[in-house]
Amino acid sequence: MTQSEAFGIPFRSARKALCLVTLTSLLGAGMPPSTAYSQTLTDDSFEDFRAGTLDASGQNIYVSRDGKVRTIHRFDYDLDGYIDLLLPQTHDTYSNIPPVACAIGRDRRIMRTELAVRGATQAVAADLDRDGYQDLVFCPNYNGTQHPRDFLSIAYGGPDGWPAARTRAGLPVHGAASIAVADMDHDGWPDIVALNGKAWTSGQAPGEIIRVFWGGEKGYIHTRSRDFSLPGASALHAADLDADGYSDLVLLRNDMVLVFRKILRDAQDPASTARHIPIPKARGNTLSIGDVDNDRISDLIVGSADGDLLLFSGSKNDPAPTPSILKGVRATQAFITCYPTSRQAMRWAAR
């Protein structure tokens, strides 16, 4: 019996368990292995097993109905007398939980439907194909065990909801953190914009990559897109900030907010034509958009690491360059909600 057999195969008697202690003790005392291995004890009967008392080796064995001693876990997988290491791996999608669509019926019952999407961190609703039904665009979630490259999913809506037959996932992104939908080239078709991680392929400028998938009558394809770089970009939203009927693209960096009114397909550097709104002390860390002052024009709310909440009021010209500051609000995320009983219908809340 080798030392590996002593540790890998449970003993069937008290004397074999004692033999393990003896072997271990002799080896620990520095005696030659040949001397330690000279002892051999053999007990094969079930009665011999019953007469003994097992220690830790008994955690891996059981006695079957037919009286045989069997192992629970196997350590020597190739039967060569040595313990093998088993490293289980998983390739399932347990961390990619499907999004769920919920609706409340007239009887107040909640109807729940899982969508055919492999996990998502964000969903944006828009009528992408202009058929009168809201479609859903999903930003994929990253679980840390796969490559950052993934795909945006689109579930096209209809009178029957968002079935799997109308769900597609073919728009590649790389470490996508956020998505937005806006008609950036003003051709009448919504475009999909994704905030990706840092540049990952040749030809891309350094920094976070903004990828625009152009919309059209034939839908979206991965080759009809363009990339541009915006180092330090951390948040992405779309809203009509100047009341011109088109949604503007809003990107946050810690030192400024960039507002893109329009992005041309052949523009060399879209960031150079964007409006830059500086953030005091360059401490911006969260971005929200909504009509705070109830003038039907979206406003910008920026949370800062200094504990100040910055409000850039929207107008028909552009958002105000100088923000209103509410001190003492350490907001990691801001929400804008409606209070029907208040004359000022829109208010903000932060946490």
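The values are calculated or read from the model by the stated rules, or taken from the named source; none is laboratory data. It should be emphasised that the depicted structure is a prediction, and the values quoted were computed from it without experimental measurement. Ideal geometry is used to build each Cβ from the backbone, glycine not excepted, and the neighbour counts take in all protein chains shown. We work out accessible area using only protein heavy atoms, side chains counted, and drop any ligands, DNA or RNA first. Shrake-Rupley method; radii C 1.70, N 1.55, O 1.52, S 1.80 Å.
Return yes when A194 is more than 21 Å from T223 (Cβ to Cβ) and under 19 Å from the mean Cα position of the chain (by Cα) and no when it is not.
Working: more than 21 Å from T223 (Cβ to Cβ): no; under 19 Å from the mean Cα position of the chain (by Cα): yes.
The answer is no for A194.
Take the residues in the range 279-312 that are of a type in the set (A, V, I, L, M) and assigned to a loop (DSSP other than H, G, I, E, B), then tell me which one is nearest to the chain's Cα centre (by Cα).
Just the residues of the range 279-312 that are of a type in the set (A, V, I, L, M), to begin with: 279, 282, 287, 289, 292, 297, 300-302, 305, 309-311.
From the residues that got through so far, the ones that are assigned to a loop (DSSP other than H, G, I, E, B) too are 279, 292, 297, 305.
Details: I279: 28, V292: 30, I297: 32, A305: 24 Å.
Among those that are of a type in the set (A, V, I, L, M) and assigned to a loop (DSSP other than H, G, I, E, B), it is A305.
Please enumerate the residues belonging to the range 211-234 that are outside any loop (DSSP other than H, G, I, E, B) and either touching a Pro at 6+ places or on another chain (Cβ under 8 Å) or farther than 13 Å from I263 by Cβ (or both). Can you show your working first?
Let us first name the residues in the range 211-234 that are outside any loop (DSSP other than H, G, I, E, B), namely 211-213, 225-229.
Answer for the range 211-234, where residues must be outside any loop (DSSP other than H, G, I, E, B) and either touching a Pro at 6+ places or on another chain (Cβ under 8 Å) or farther than 13 Å from I263 by Cβ (or both): F228, S229.
Please name all residue pairs, on different chains or six or more residues apart, with Cβ atoms under 7 Å, provided the first residue is in the range 55-68 and is closer than 13 Å to S45 by Cα and surrounded by 11 or more Cβ atoms within 10 Å (Cβ to Cβ) and the second residue is of a type in the set (A, V, I, L, M, F, W, C) and at pLDDT 75 or above.
Every condition considered, the pairs that remain are V63/V69.
Got a sec? Which of A194, A165, A169, A116 is in a strand (DSSP E or B) and open to solvent by 40 Å² or more (accessible area, probe 1.4 Å)? Break it down stepwise before answering.
On the way: A194 fails: open to solvent by 40 Å² or more (accessible area, probe 1.4 Å); A165 fails: in a strand (DSSP E or B); A116 fails: in a strand (DSSP E or B).
Of A194, A165, A169, A116, the one residue that is in a strand (DSSP E or B) and open to solvent by 40 Å² or more (accessible area, probe 1.4 Å) is A169.
Among the residues of the range 216-243, write down those that are within 26 Å of the chain's Cα centre (by Cα), surrounded by fewer than 18 Cβ atoms within 10 Å (Cβ to Cβ) and within 26 Å of D291 (Cβ to Cβ).
Within the range 216-243, S234 is the sole residue that qualifies.
For residues that are of a type outside the set (D, E, K, R) and assigned to a strand (DSSP E or B), scanning just the range 172-191, find the one that is farthest from R118 (Cα to Cα). Show your work before the answer.
Taking the range 172-191 first, the residues of a type outside the set (D, E, K, R) are 172-182, 184, 186, 188-190.
Filter once more, keeping what is assigned to a strand (DSSP E or B): 172-174, 178-182.
On the way: P172: 14, V173: 15, H174: 16, S178: 16, I179: 16, A180: 19, V181: 20, A182: 24 Å.
Result: A182.
Restricting to the range 244-272, and then to whatever is touching an Asp or Glu at 6+ places or on another chain (Cβ under 8 Å), in a loop (DSSP other than H, G, I, E, B) and open to solvent by less than 70 Å² (accessible area, probe 1.4 Å), can you tell me which residue is farthest from G314 (Cα to Cα)?
Going through the range 244-272, the residues touching an Asp or Glu at 6+ places or on another chain (Cβ under 8 Å) turn out to be 246-248, 259-265.
If we keep only those that are in a loop (DSSP other than H, G, I, E, B) as well, we get 246-247, 261-265.
The next check asks that each one be open to solvent by less than 70 Å² (accessible area, probe 1.4 Å); those that pass are 247, 263.
Details: S247: 13, I263: 20 Å.
For the range 244-272, the residue satisfying everything is I263.
Looking only at residues in the range 197-210 that are touching a Ser or Thr at 6+ places or on another chain (Cβ under 8 Å) and part of a loop (DSSP other than H, G, I, E, B), which one is nearest to D150 (Cα to Cα)? Steps first, answer last, please.
The initial filter retains those residues of the range 197-210 that are touching a Ser or Thr at 6+ places or on another chain (Cβ under 8 Å), namely 199, 204-210.
Checking the rest, the ones that are also part of a loop (DSSP other than H, G, I, E, B) come to 199, 204-207.
Details: A199: 15, Q204: 18, A205: 20, P206: 20, G207: 19 Å.
Of everything passing the filter in the range 197-210, A199 is nearest to D150 (Cα to Cα).
Does at least one position in the range 236-258 carry a residue that is modelled with pLDDT of 95 or more and among the polar types (S, T, N, Q)?
Within the range 236-258, none of the residues are modelled with pLDDT of 95 or more and among the polar types (S, T, N, Q).
For the range 60-84, which positions are basic (K, R) and over 42 Å from the mean Cα position of the chain (by Cα)? Step through it out loud before you land on a result.
Step one: list which residues in the range 60-84 are basic (K, R), which gives 65, 68, 70, 74.
Hits for the range 60-84 are R65, K68, R70.
Could you check H91 against (1) at pLDDT 75 or above; (2) open to solvent by 80 Å² or more (accessible area, probe 1.4 Å); (3) in a loop (DSSP other than H, G, I, E, B); (4) not aliphatic (A, V, I, L, M) and say which number it fails?
H91 satisfies all of (1) at pLDDT 75 or above; (2) open to solvent by 80 Å² or more (accessible area, probe 1.4 Å); (3) in a loop (DSSP other than H, G, I, E, B); (4) not aliphatic (A, V, I, L, M) except (1).
Of a type in the set (D, E, K, R), closer than 13 Å to D242 by Cα and buried (at least 22 other Cβ atoms within 10 Å of the Cβ): does that describe D299?
Details: of a type in the set (D, E, K, R): yes; closer than 13 Å to D242 by Cα: yes; buried (at least 22 other Cβ atoms within 10 Å of the Cβ): yes.
Judged against the criteria, D299 is a match.
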